[in-house]
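All remarks here apply to the structure that follows.
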Amino acid sequence: IERERLRNQIRNLTLRDDLTQLYNRRGFSSFANQQLRIIKRTHRPASLIYLDMDGLKTINDNLGHQSGDTAIAEMADILRQVLRTTDIIGRIGGDEFLILTPDTDSLGALELVKRIMKATKDRNVPGTDYKLHVSLGVITYDGEEDYNLEQITAEAEALMYEHKRSKKEWQKQS
C-alpha cells in the first residue's frame with residue numbers, strides 16, 4: 001500500500017503544477033490528447049481556450065514575486081470555480097493557462113469566456129493590491145478535422161495575442 005501511495009505521489013508530481021495544483025504542461029498534454037482522440041472518434045465538438053494573465057510582470061516588480069504567485073493561484077481558483085469538472089485545465093507557463101472544454105461548440109465557448117471574464121472582473125474589488133486581467137484566444141474544434149493539440153494550441157495562442165494587441169490599441173485610443 002505504501003509503495004502504491006508513493007507511486008501515485010510521484011506520478012502526481014510529474015503531472016501537476018506545484019503552485020496551482022492544476023495540470024502542468026505534461027499533464028495537460030497527456031489528458032488533452034486523450035480527450036481529443038475521443039472527440040475525434042465520436043465527432044463531438046470541443047473548444048480550446050488559451051488564457052494569458054495581463055500585467056503579472058508589473059505585480060512581480062511592484063509587489064514582489066509572492067504577490068505574483070498569489071495572483072496566479074487566484075486565477076487558477078477562478079478557473080476551477082467557473083469551469084466544469086469535465087474541462088481540462090492546465091498551467092502551461094508562468095502566467096499562461098490552457099483549457100480544453102469537451103462538448104463545447106463556439107457558442108458554449110463564448111459563454112465560458114464570458115464567465116471567466118465576469119469572475120475575473122468581480123474579483124477586482126476596490127482596495128485589492130492588484131487587479132487581475134486576462135487575454136484569451138479560443139479555437140473550436142468540430143471533431144471532423146484532423147487537428148492535433150499543438151496545432152489548435154498555436155491557433156488559440158495567436159488569437160490570444162490578437163486580443164492582447166487589440167486591448168492595447170483600444171487603450172491608446174482612449
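The charge dipole of region 64-118, taken about its Cα centre with unit charges on the Cβ atoms of Lys, Arg (+1), Asp and Glu (-1) only, comes to about 140 debye. Taking only the alpha-carbon positions of region 1-70 and ignoring solvent, what does the Debye formula give for the base-10 log of I(q)/I(0) at q = 0.17, 0.20 Å⁻¹? One equal scatterer on each Cα of region 1-70 leads to -0.85, -0.94. Helical content of the chain, expressed as a calculated mean residue ellipticity at 222 nm, amounts to -19500 deg cm²/dmol (DSSP H runs of 4 or more residues, -39,500 (n - 2.57) each, divided by residue number, nearest 500). In terms of overall dimensions, region 79-174 has a Cα radius of gyration and Dmax of 14.6, 48 angstrom.
Taking all protein chains as they are arranged and a probe of 1.4 Å, the heavy atoms of residue 133 leave approximately 100 Å² accessible to solvent.
Scattering from region 121-168 was approximated by placing one identical point on each alpha carbon and applying the Debye formula without solvent; log10 I(q)/I(0) at 0.18 1/Å stands at -0.68.
For an R0 of 25 angstrom, estimate the FRET efficiency from the Cβ-Cβ distance between residue 38 and residue 70 and round to the nearest 0.05. Here the calculated transfer efficiency is 0.10.
At an R0 of 25 angstrom, the distance between the Cβ atoms of residue 114 and residue 80 translates into a FRET efficiency of 0.90. Kirkwood Rh and Cα-based Rg: tell me the resulting Rg over Rh for the chain, rounded to two decimals. So for the chain, dividing Rg by the Kirkwood Rh gives 1.00. How much accessible area does residue 161 have with a 1.4 Å probe, in Å² rounded to the nearest 10? Accessible area of residue 161: about 90 Å².
Between the listed residues 136, 73, 99, the Cα displaced farthest toward the positive end of the dipole of the chain, a dipole computed from Cβ unit charges relative to the Cα centre, is found at 73. For the chain, the per residue solvent-accessible surface stands at 58 Å², with DNA, RNA and ligands left out and a 1.4 Å probe.
The values are calculated or read from the model by the stated rules, or taken from the named source; none is laboratory data. Keep in mind the model is a prediction, meaning the values are calculated, not measured. Neighbour counts are summed over all protein chains in view; Cβ atoms, including those assigned to glycine, are modelled from backbone coordinates with ideal geometry. Side chains are part of the model used for accessible areas, which takes the heavy atoms of the whole protein and leaves out ligands, DNA and RNA. Shrake-Rupley method; radii C 1.70, N 1.55, O 1.52, S 1.80 Å.
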